[in-house]
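The structure appears right after this line, and notes come after that.
The values are calculated or read from the model by the stated rules, or taken from the named source; none is laboratory data. Values in this document were obtained by computation on a predicted structure and should not be read as measured data. Cβ atoms come from the backbone with ideal geometry, glycine included; neighbour counts cover every protein chain shown.
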2 protein chains.
Amino acid sequence: MIKTPYLLFLGDAPDALAAKVAQGIKDWRPDNCVGQLRMEGCQADLGLPDMTLEQAKAAGAQTLVIGVANRGGVISPAWKKVLVAALEEGFDLASGLHNLLREEPDLVAVAEACGRTLHDVRVPEVDYPIANGVKRTGKRVLAVGTDCSVGKMYTALALDKAMQAAGLKSTFRATGQTGILITGDGVPLDAVIADFMAGSIEWLTPDNDPDHWDIIEGQGSLYHVSFSGVTMALIHGGQPDALILCHEPTRAHMRGLPGYRLPTLEAVRDLSLQLAQVANPDCVVAGVSINTQHMGEDEAARYCADIEAQLGLPTVDPFRHGADRLASALAAL
Amino acid sequence: MIKTPYLLFLGDAPDALAAKVAQGIKDWRPDNCVGQLRMEGCQADLGLPDMTLEQAKAAGAQTLVIGVANRGGVISPAWKKVLVAALEEGFDLASGLHNLLREEPDLVAVAEACGRTLHDVRVPEVDYPIANGVKRTGKRVLAVGTDCSVGKMYTALALDKAMQAAGLKSTFRATGQTGILITGDGVPLDAVIADFMAGSIEWLTPDNDPDHWDIIEGQGSLYHVSFSGVTMALIHGGQPDALILCHEPTRAHMRGLPGYRLPTLEAVRDLSLQLAQVANPDCVVAGVSINTQHMGEDEAARYCADIEAQLGLPTVDPFRHGADRLASALAAL
């Protein structure tokens, strides 16, 4: 869908976190990344070669991917200059911003004049069906979290990598804009019309080989009141055979919801499994993924060991420890 | 929002069921209905005076409401003639059809020429916020069902009527197109973008008097895999103080999902309450509404008594028995 390889646009990112989309692409599909384009004052650095548009084009890049959040919800004149120049240089543009490229008349006009394509991955481009609940062939695993932004995408990508390294058949199925930019395909679930949410996930994870695993990126949390409906649709549309529980242990409250405490892993395990078994009575919880980024090495190892003993499930931080044990747990099902 | 009173358009309805939207308006807001307009071959009859456009206009009708489903997903030429004539006669049009009036160029052109308004209640006209989960003042009750189309809207409307008759403060809050046509306002939840579902329900049920009840129309079912995400958003966005369980006892399987059996009322009670208490720890289950339309009088009474004994909750068919006991249960909380 989106032509590779990419030149990653970091703009005037105020810090590394602002460029996390670009970081994700570079981490998971390094072969897709020719270089980075940074404007004056950019505080992010992916460690890729800094390139001008001309240099990147000469190096084979096809698409300029906006890998950075914009400030104040507008595409600034400074960005516009670069984006217009990129179109003129022969790049397609790809973006997951809330502001759509297709709603910027100048970009639309220049893209048309230059015969280039604008990809807004935040917007569905498919008319999804209503879910029919029919059992599909192949296996599916879904990452479910105690909260939003606890590492569900990272877990799914790491699991996919570990499974392929082990010679197993798997496909990462993106359900958010970063995942879609990384893989070039997927469902921007948070932008899907309510009636078609579960159907979009059925569409995303069709019949497959009996020994193939779709690794479905999770969204939200059943315990996050803003987005729980999205999580619910993933559980019922995905009809997972296995769930991986994802958790970040240092949160004081649910993301964006002061006053809402995080649920226990046991609560998420029991509730998710009960709901998943409506669509797939054979679903099991296969493992736990802990995001230990705010912990020291020893503390992280101890925490994972404690959770493993407490829940009786393989427990790792895929970033620190790899996802091999989660992959093995799935392969053993 | 939609100007009243209405002339109800029944078109060429092949049976009474096809005109159930019109029936709902007539049942719940009879004062809003001046008459009915039926085309040749129409098999539905609301018992309202049959009127031409001219007669209805003379009787004060302001809006022609399409109260009938269309066949084959198109607005037929025969319907178009009537709709165009209605605009020319000075009516606004209101519709809950999937085919939008605003996407019919002839209707748009005539409406503009005549200075009339086209209302497509299936499409949100508000930019809803993302839910913030903040506790709101006033009381809320939500109807939750074992399945889709078991009578949740009817239950909520009957409850609203019973509460007002008892001198209690209440407002029916519509979340589907029929409810919106009945009241002239609400959220077409099935057409809302995923990220904003819960926020749309917070918007629909704002702060209110401490003794005021918002009676929120339910949608879908936690056990219906096609639409469970919508139900989830109602439970978390509505932050209900009370739930009414709704059930239709004669279903062989979930609506549209052969192979999916209905859950028990106990399962729906426990799961709904657990989820509701994430947003409102004080939520309780207040009563049960049984749709006994496919049962005889004795069988219906016996069934409700059995459920009442089984669950220890007031159990009625609001259509047969009224909703007074449910209203009393809420008033007693």
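Quick notes on this structure:
- Looking only at region B:213-226, and only at residues there that are at the interface with chain A (Cβ under 7 Å from one of its Cβ atoms) and out of contact with any His (no Cβ under 7 Å at 6 or more places or on another chain), the one that is nearest to B:SER170 (Cα to Cα): B:TYR223
- Residue in region A:310-318 that is over 21 Å from A:VAL141 (Cα atoms) and surrounded by fewer than 21 Cβ atoms within 10 Å (Cβ to Cβ) present: yes
- Note on region B:1-90: enclosed strands (runs of 3 or more DSSP E) holding 1 or more residues that are aromatic (Phe, Trp, Tyr) are B:6-11.
- Residues of region A:248-266 classified as more than 24 Å from the chain's Cα centre (by Cα) and within 11 Å of chain B (Cβ to nearest Cβ), total: 4
- Condition met for B:PRO210 (surrounded by fewer than 21 Cβ atoms within 10 Å (Cβ to Cβ) and away from chain A (no Cβ under 11 Å)): yes
- Hey, B:THR171 at pLDDT 95 or above and more than 13 Å from chain A (Cβ to nearest Cβ) or not: yes
- Considering B:ILE215, B:ILE235, the condition of being part of a helix (DSSP H, G or I), surrounded by 22 or more Cβ atoms within 10 Å (Cβ to Cβ) and touching a helix residue (DSSP H, G or I) at 6+ places or on another chain (Cβ under 7 Å) is satisfied by B:ILE235 alone.
- Residues of region A:290-300 include none that is within 14 Å of another protein chain (Cβ to nearest Cβ), surrounded by 13 or more Cβ atoms within 10 Å (Cβ to Cβ) and in contact (Cβ under 8 Å) with a residue 12 or more places away in the chain.
- Number of the condition not met by A:LEU275 [criteria: (1) within 14 Å of chain B (Cβ to nearest Cβ); (2) surrounded by 22 or more Cβ atoms within 10 Å (Cβ to Cβ); (3) among the hydrophobic types (A, V, I, L, M, F, W, C); (4) in contact with a strand residue (DSSP E or B) (Cβ under 7 Å, 6 or more places away or on another chain)]: (4)
- Unique match (being touching a helix residue (DSSP H, G or I) at 6+ places or on another chain (Cβ under 9 Å), within 17 Å of A:ALA13 (Cβ to Cβ) and either touching a residue at least 24 places away in the same chain (Cβ under 8 Å) or of a type in the set (A, V, I, L, M) (or both)) among A:LEU53, A:LEU87, A:LEU46, A:LEU107: A:LEU46
- Hey, B:ILE307 of a type in the set (Val, Ile, Thr), over 18 Å from B:CYS148 (Cβ atoms) and in contact with a His (Cβ under 9 Å, 6 or more places away or on another chain) or not: yes
- Candidates A:GLY186, A:GLY229, filtered to the one that is among the small types (Gly, Ala, Ser), assigned to a loop (DSSP other than H, G, I, E, B) and more than 17 Å from A:VAL150 (Cα to Cα): A:GLY186
- Answer from A:ASP207, A:ASP195 - the residue that is over 22 Å from A:TYR6 (Cβ atoms), modelled with pLDDT of 95 or more and part of a loop (DSSP other than H, G, I, E, B): A:ASP207
- Reported count of residues in region A:103-145, each being in a loop (DSSP other than H, G, I, E, B), farther than 18 Å from B:ALA194 by Cβ, in contact with a strand residue (DSSP E or B) (Cβ under 7 Å, 6 or more places away or on another chain) and more than 14 Å from chain B (Cβ to nearest Cβ), is 3.
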